[in-house]
Amino acid sequence: MTVPTMRRTVHFGTGSEWSLSQLGATAAAMGGVAVYLASLSFASGGFDAVWWALVLLPLLTMGWAGSAAPLTYWALLLVGWFTLTPAGSFSWWSLPAAAGCIVAHAATALSASSPPAGSLTVRTARRWARHTAVAFAAAVPVAVLAGLLAGRPPGLVPAAYVIGLGGVAVGLWVVRTSPPVERG
């Protein structure tokens, strides 16, 4: 006789049931946003307190993790970076901001990979953690290159940005069209 596995879930009012792993992914997304906003605050010299309310937005949008809501949310946060930091400046705070962005994005994507009451296995969480670490490892040389180019004559800088963005676009296209094969 097989004993069914017991899943612990939380029920919020009359809404759907949520597994503890889904709530953990939401907490990780909120933590990533908090790191991003703290980095933005240091890079920009501070900002209006209303921006800190954006930390709570993953709680409201966790039911729409597979929709365009997280994309719109991160578009707002990225526009905030470009409008709040001094134009043409470079800050090493962009590295922890990238880490927060990567963690929040990965947590949202992981959350979208199963239903709200679905549990995530340890193997799946490890695989996503590995992919997140690889993505952050790619951010480090980009930040170093940007730091080296900051303050240079404008002749090389736009070309470097175009080449860098082109490399990111090609990398995303390759990963999107050829996702990593799951090992058995």
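The values are calculated or read from the model by the stated rules, or taken from the named source; none is laboratory data. Keep in mind that this is a model prediction, so the values were computed, not measured. Every residue, glycine among them, receives a Cβ derived from its backbone with ideal geometry; neighbour counts consider all protein chains shown. These accessible areas exclude ligands, DNA and RNA; they are computed on the full protein's heavy atoms, side chains included. Shrake-Rupley method; radii C 1.70, N 1.55, O 1.52, S 1.80 Å.
Observations on the structure shown:
- Under-5 Å amide H pairs with S19, H placed in peptide plane, nonlocal only: V10, A117, G118
- Surface share of carbon and sulfur [accessible, 1.4 angstrom probe, percent] for segment 52-105: 78
- Calculated accessible area for segment 70-111 comes out at 51 Å² per residue, all protein chains present (probe 1.4 Å; ligands, DNA, RNA ignored).
- Working from label points 7 Å from Cα in the Cα-to-Cβ sense, the W64 to A169 distance is 2.8 nm.
- Phi to ³J(HN,Hα) by Karplus 6.51 cos²θ - 1.76 cosθ + 1.60 over segment 162-168, Hz, x for Gly, Pro: 5, 5, x, 5, x, x, 5
- Length gained when the stretch A133-W52 is fully extended (0.36 nm per residue, less Cα-Cα span): 26.6 nm
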